[in-house]
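The values are calculated or read from the model by the stated rules, or taken from the named source; none is laboratory data. In this text, all values refer to a predicted model and were calculated from it rather than measured experimentally. Neighbour counts run over all protein chains shown; Cβ positions are idealised from the backbone, glycine included. When the accessible area is computed, the model is the full protein with side chains, heavy atoms only, and any ligands, DNA or RNA have been set aside. Shrake-Rupley method; radii C 1.70, N 1.55, O 1.52, S 1.80 Å.
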Amino acid sequence: TLYDYLLQLNRDAEETFSELVTRMAIQEGITEQLKAENQMEWVGRMNNIRNRATEIVNNEIIYI
């Protein structure tokens, strides 16, 4: 049914988003140490990563 399809699509999108954010943060060297030492930089960089991950998920999963 449509409901089941949308539910699975949502699960896939959330899983992909989470994996992308984690991989990008590791790749860009964003650590808990950075979070402790410079919270504003950490927040800015994580927001940037989340925005990019959202764009990727939207383009590759949601709006295909």
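Go through the range 55-64 and give me each residue that's of a type in the set (A, V, I, L, M, F, W, C) and open to solvent by 60 Å² or more (accessible area, probe 1.4 Å). Full working, then the answer.
From the range 55-64, those of a type in the set (A, V, I, L, M, F, W, C) are 56-57, 61-62, 64; that's our starting set.
Ile62, Ile64, listed by residue number.
When you scan the range 41-55, do you find a residue that is of a type in the set (Lys, Arg) and more than 10 Å from the chain's Cα centre (by Cα), even just one? Spell out how you get there, then give the answer.
The initial filter retains those residues of the range 41-55 that are of a type in the set (Lys, Arg), namely 45, 50, 52.
Narrowing the set further to residues that are more than 10 Å from the chain's Cα centre (by Cα) leaves 45.
Yes.
Can you tell me how many residues in the range 26-42 are hydrophobic (A, V, I, L, M, F, W, C), open to solvent by less than 50 Å² (accessible area, probe 1.4 Å) and free of Cβ contacts under 8 Å to residues at least 12 places away in the same chain?
Residues that pass the stated criteria total 1.
If you check Ile62 against the conditions, is it in contact with a helix residue (DSSP H, G or I) (Cβ under 8 Å, 6 or more places away or on another chain) and at pLDDT below 95?
Taking the combined requirement at face value, the residue satisfies it.
Can you go through Arg52, Arg45, Arg11, Arg23 and tell me which one is open to solvent by 60 Å² or more (accessible area, probe 1.4 Å), touching an Asp or Glu at 6+ places or on another chain (Cβ under 8 Å) and at pLDDT 95 or above?
Arg45
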